[in-house]
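Trainee: Quick one: structure below, then a few questions.
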Amino acid sequence: MLKIERFTCNMLQENCYVVNDESNECIIIDCGAFLEEERKDIVDYIHENKLTPKHLIATHGHIDHNFGNNIIYQEFGLRPEVHKNDKYLMEELPEQAQAITGVVIEYDMPTVGKYLDSTDKILFGNHVFTIIETPGHSRGSVFFYCKEENVAFSGDTLFRGSIGRTDFAGGSMFQIIQSLRIIGQLPDETKIYPGHGNPTTIGLELATNPYMDR
Ligand SMILES: [Zn+2]
Ligand SMILES: [Zn+2]
């Protein structure tokens with residue numbers, strides 16, 4: 001059984017998730033924590049629940065999903081893992097911060113610990129997440145998918161009732177539609193946790209999201 005805790009972070013209302021199971025090992029997905037209290041909330045939650053973080057993973061390389069990488073690195077020694085096709089974004093996080101949010105980052109970002117591809121698996125406790133490549137919002141956007149628990153983290157590719165922008169560097173409307181067609185093959189009951197906004201399911205999106213199709 002997975003326990004999924006959501007922390008809404010930074011000026012773009014980005015969702016960071018801490019996911020643990022009965023072993024109390026956890027993963028941290030998209031740590032966009034920017035403000036001091038956001039950072040403290042996540043770190044305190046991990047400590048108070050006696051969780052052991054095993055991976056810090058990002059659905060893609062946009063700054064709103066990576067603002068807090070340094071605090072996770074400082075506290076737990078984990079470097080971010082992100083798909084190899086988003087290397088171009090991970091190497092310019094401070095520039096993105098300034099361009100997208102107008103913020104100057106005054107701390108060093110930890111370098112990427114591992115560049116992922118579709119053959120990698122994210123292991124923690126008694127669970128495994130696989131990587132579904134979903135380019136379109138960025139070149140290296142992915143879904144992290146746990147088949148056993150029918151759960152996926154969709155980043156900025158799929159939102160409840162909507163999809164991510166494709167007008168940033170490396171974005172492609174053609175690619176995101178192709179990616180969503182692959183995602184549409186997941187079981188209807190698959191619960192989707194997006195990078196912004198509330199959770200949904202594949203079935204609900206197929207029924208209501210104009211961009212989704214099987
Ligand atoms: Zn994004
Ligand atoms: Zn985002």
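Trainee: Mind telling me which of Lys114, Lys54, Lys191 comes out most flexible in a GNM of the chain, alpha-carbon contacts under 10 Å?
Mentor: In this elastic network of the chain, the residue with the biggest mean-square fluctuation among Lys114, Lys54, Lys191 is Lys114.
Trainee: With unit charges on the beta carbons (Lys and Arg positive, Asp and Glu negative) and the dipole taken about the Cα centre of the range 1-124, which residue among Leu78, Cys9, Ile100 sits farthest to the positive side?
Mentor: It is Leu78.
Trainee: With both partners inside the chain, how many of the DSSP beta bridges are antiparallel, as a percent to the nearest 5? Don't jump to the answer; show the numbers that get you there.
Mentor: Details: 27 of 41 bridges.
In the chain, DSSP labels about 65 percent of beta bridges as antiparallel.
Trainee: For Tyr211, Tyr107, give the ranking by accessible area with the largest first, probe 1.4 Å.
Mentor: Values: Tyr211 95, Tyr107 60 Å².
Order by accessible area, largest first: Tyr211, Tyr107.
Trainee: Here's something else I'd like to know. Does the range 1-122 come out rounded, prolate or oblate, given a ≥ b ≥ c as the square roots of the eigenvalues of its C-alpha gyration tensor, rounded meaning a/c under 1.5 and, failing that, prolate meaning a/b above b/c? Can you show the working numbers first?
Mentor: Working: a/c = 1.88, a/b = 1.26, b/c = 1.49.
Judged from the Cα gyration tensor, the range 1-122 comes out oblate (a/c at least 1.5, b/c at or above a/b).
Trainee: Here is a follow-up. Over all alpha-carbon pairs in the range 78-143, figure out the percentage whose distance exceeds 19 Å. Before the final figure, lay out the partial values.
Mentor: Working: 906 of 2145 pairs.
Beyond 19 Å sits 42 percent of the P(r) for the range 78-143.
Trainee: Continuing with this model, one more query. Name the long-range amide H neighbours of Val103: under 5 Å, sequence gap of 5 or more, or other chain; modelled H, no Pro or chain starts.
Mentor: Gln98
Trainee: List the equivalent ellipsoid semi-axes of the range 1-63 in whole Å, largest first, each obtained as the square root of 5λ for an eigenvalue λ of the Cα gyration tensor.
Mentor: Numbers: eigenvalues 77, 35, 16 Å².
Ellipsoid half-lengths, sorted descending, are 20, 13, 9 Å.
Trainee: Among 119-129, 14-24, how do they line up by average Cβ neighbours within 10 Å per residue, starting with the highest?
Mentor: Result, highest mean first: 14-24, 119-129.
Trainee: Cut-off 10 angstrom, C-alpha nodes, Gaussian network model of the chain. Which of Phe168, Phe153, Phe34 fluctuates the most?
Mentor: Comparing Phe168, Phe153, Phe34 in a Gaussian network model of the chain, the most mobile one is Phe168.
Trainee: For a quick protection proxy, order the peptides 43-51, 78-86, 172-180 by their average other-Cβ count within 10 Å, most packed first. Intermediate results must be reported in sequence, preceding the final value.
Mentor: On the way: 43-51: 14.0, 78-86: 21.7, 172-180: 17.4.
So the peptides 43-51, 78-86, 172-180, ranked by packing, come out 78-86, 172-180, 43-51.
Trainee: Then there is this: Is the shape of the chain best called rounded, prolate or oblate, per the rule: a/c under 1.5 gives rounded, else a/b larger than b/c gives prolate, else oblate, with a ≥ b ≥ c the square roots of the Cα gyration tensor eigenvalues?
Mentor: oblate
Trainee: What list of ³J(HN,Hα) couplings, whole Hz, do you get for the range 112-121 from phi and the Karplus terms 6.51, -1.76, 1.60, once you set θ to phi - 60° and write x for glycine and proline?
Mentor: 3J(HN,Hα) across the range 112-121, in whole Hz: 5, x, 7, 8, 9, 9, 5, 8, 6, 10.
Trainee: May I pose another question? At 7 Å along the Cα-to-beta-carbon direction for both Thr130 and Asp108, put a label point, then send me their distance in nm to one decimal.
Mentor: 3.9 nm
The values are calculated or read from the model by the stated rules, or taken from the named source; none is laboratory data. Fair warning: this is a prediction, and the values are worked out from it, not measured in the lab. Here the Cβ is made from the backbone with ideal geometry for all residues, glycine too, and neighbour counts use every protein chain on show. Note: areas computed on protein heavy atoms with side chains; ligands, DNA, RNA excluded. Shrake-Rupley method; radii C 1.70, N 1.55, O 1.52, S 1.80 Å.
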